[in-house]
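Notes follow once the structure below has been shown.
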Amino acid sequence: MLNFQWRLNALDPAASEGLRVISVFDALTEAHAGVEAILRSAAALSAALVGLADTATGQTTTASASGDIARTREAIGAEALPSQVPVGSDRVVFLTRPGGTTGPNDQLVLERLALCLSHALERVATAAPRPPLEVLLDESSGASAVSDAMNRLRLDPGEHHRIVATPFAASTPPSSPRAVVFTTAGMLLAELAQHAHTHTRAGVGVAAAPAQLTLSWRTAHIALRLTTATRPILRADELGPILLLDVADESAYPHDPFVSAVARHAWAIETAEALCDTHSVRDAARTLGIHHSTMQARIHALEESLGYNPTRGEGATKLAISFRRHLLRTQHF
């Protein structure tokens, strides 16, 4: 598999994005991704609605840029579709944007999408099985499918395993079973491994039996979204009840003043992280390489924005929760 740690800043932006499109679809093909995952990836790449239409049966599957999948069965002529590329004799892929606008790489996305889907549809036609790890991470998989996937991976039902979540864009040559997963935080890779073998961001899930690997995946996903530049690898075991933050009901606390503090102060996030990860204000100042008086001034400014002292008692707890909720809401890979 290709190494996707793209270092293309020196290239023309359009050319750089074109290489990224090609790399993504190459990886999807090598990972044996399914039709829905491919469509979602294309929609995310182009920030547009993409679809696969069967002009003979009228069956159409679309994916939005947010990852939503929709299916319809209405007669549709190929001439009625927007920008399109054929997939075999009776299918086409298409891409559409509001107002009929086009993007600089739309045609490239369509061509690579068509090629990638042709491989996926061929696997379906020949009844090629889904990647076993993909089956184990799919909560809708039946007991027989789970049992078959475990046998294909030669997993002992009594042993516990972990899932490691990493950004798709930073994937390395495969060394263990993996699956491509589209999430609200971006396109990620789930790998069956005990440790993170990467120099980039990674979340390591809790250990779970093969039939409960969805739990390891969910916790790995949360851990990845809580990583930062200073803590690029996180183990879910270390997070404890922090894992519960991802299911908290935001409607019960509709406005978090930390959001306003981040918008007001460019240093708010790094300061909050330093305060959460150290034992004292002086330690936090040393971590950031700033003078103690500068840190005190920042804390005073934060206190005015937050309405509480972020270094003491419940205030420190509130800051820790707000900082991590901010990461969960905003991290995208």
(message) So if each residue of separation counts as 0.36 nm, and I subtract the Cα-Cα distance between Asp26 and Leu328, what length gain in nm does that give?
(response) 105.8 nm
(message) Show me the ranking of peptides 311-323, 154-166 by mean Cβ neighbours inside 10 Å, starting with the highest.
(response) 154-166, 311-323
(request) Calculate the length of the line joining the C-alpha centroid of region 225-286 to that of region 13-55, in whole Å. (result) 33
(request) Find how much the distance from Ala301 to His197 grows on full extension, using 0.36 nm per residue of separation minus their present alpha carbon separation; answer in nm with one decimal. (result) 33.4 nm
(message) Rounded, prolate or oblate for region 199-253? Axes are the square roots of the Cα gyration tensor eigenvalues, ordered a ≥ b ≥ c, and the cut-off for rounded is a/c under 1.5.
(response) oblate
(request) Calculate, axis by axis, the spread of Cα positions in the chain along the three principal axes, and write the results as whole Å, longest axis first. (result) 71, 54, 42
(message) On C-alpha positions alone, give me the angle between the axis of helix 292-306 and the longest principal axis of the chain, in degrees, nearest 10.
(response) 70
(request) Quote the relative contact order of region 146-293 in percent (integer), defining contacts as alpha-carbon pairs under 8 Å separated by 6+ residues. (result) 18
(request) Out of all DSSP beta bridges with both ends in the chain, state the antiparallel percent to the nearest 5. (result) 90
(request) Treating only the Cβ atoms of Lys and Arg (+1) and Asp and Glu (-1) as charged, compute the dipole magnitude of the chain about its Cα centre; round to the nearest 20 debye. (result) 600
(request) Measure off, as a whole percent, the carbon and sulfur share of the 1.4 Å-probe accessible area of region 253-333, all protein chains present. (result) 52
(message) I'd like the orientation of helix 13-30 relative to the chain: the angle between its Cα long axis and the longest Cα principal axis, in ° from 0 to 90, rounded to 10.
(response) 70
(request) Based on the mean of other Cβ atoms within 10 Å per residue, sort peptides 270-280, 185-195 so the most packed one is first. (result) 185-195, 270-280
(request) Order these peptides, 64-70, 24-30, 108-114, by their mean beta-carbon neighbour count within 10 angstrom, highest first. (result) 108-114, 24-30, 64-70
(request) Using a 1.4 Å probe over the heavy atoms of the protein chains, calculate the carbon and sulfur portion of the accessible area of region 128-192 as a whole percent. (result) 52
(message) Suppose all protein chains stay in the model; what accessible area per residue would a 1.4 Å probe give for region 184-333, in Å²?
(response) 50
(request) Please work out how much length the chain gains when fully extended from Ala248 to Thr230, using 0.36 nm per residue of separation minus the C-alpha to C-alpha distance, in nm with one decimal. (result) 3.9 nm
(message) Keeping every protein chain present and rolling a 1.4 Å probe, give me the accessible area per residue for region 21-71 in Å².
(response) 33
(request) Report the relative contact order of the chain, percent, no decimals, based on alpha-carbon pairs under 8 angstrom and at least 6 residues apart. (result) 13
(request) About the Cα centre of region 82-144, how large is the charge dipole given +1 on each Lys and Arg Cβ and -1 on each Asp and Glu Cβ? Please answer in debye to the nearest 20. (result) 120
(message) For Trp267, what accessible surface area do you get with a 1.4 Å probe? Give it in Å², rounded to 10.
(response) 60
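The values are calculated or read from the model by the stated rules, or taken from the named source; none is laboratory data. Remember, predicted model here, so these are calculated numbers, not experimental data. All Cβ positions, glycine included, derive from the backbone under ideal geometry; neighbour counts span all protein chains shown. Accessible surface areas use protein heavy atoms only, side chains included; no ligands, DNA or RNA. Shrake-Rupley method; radii C 1.70, N 1.55, O 1.52, S 1.80 Å.
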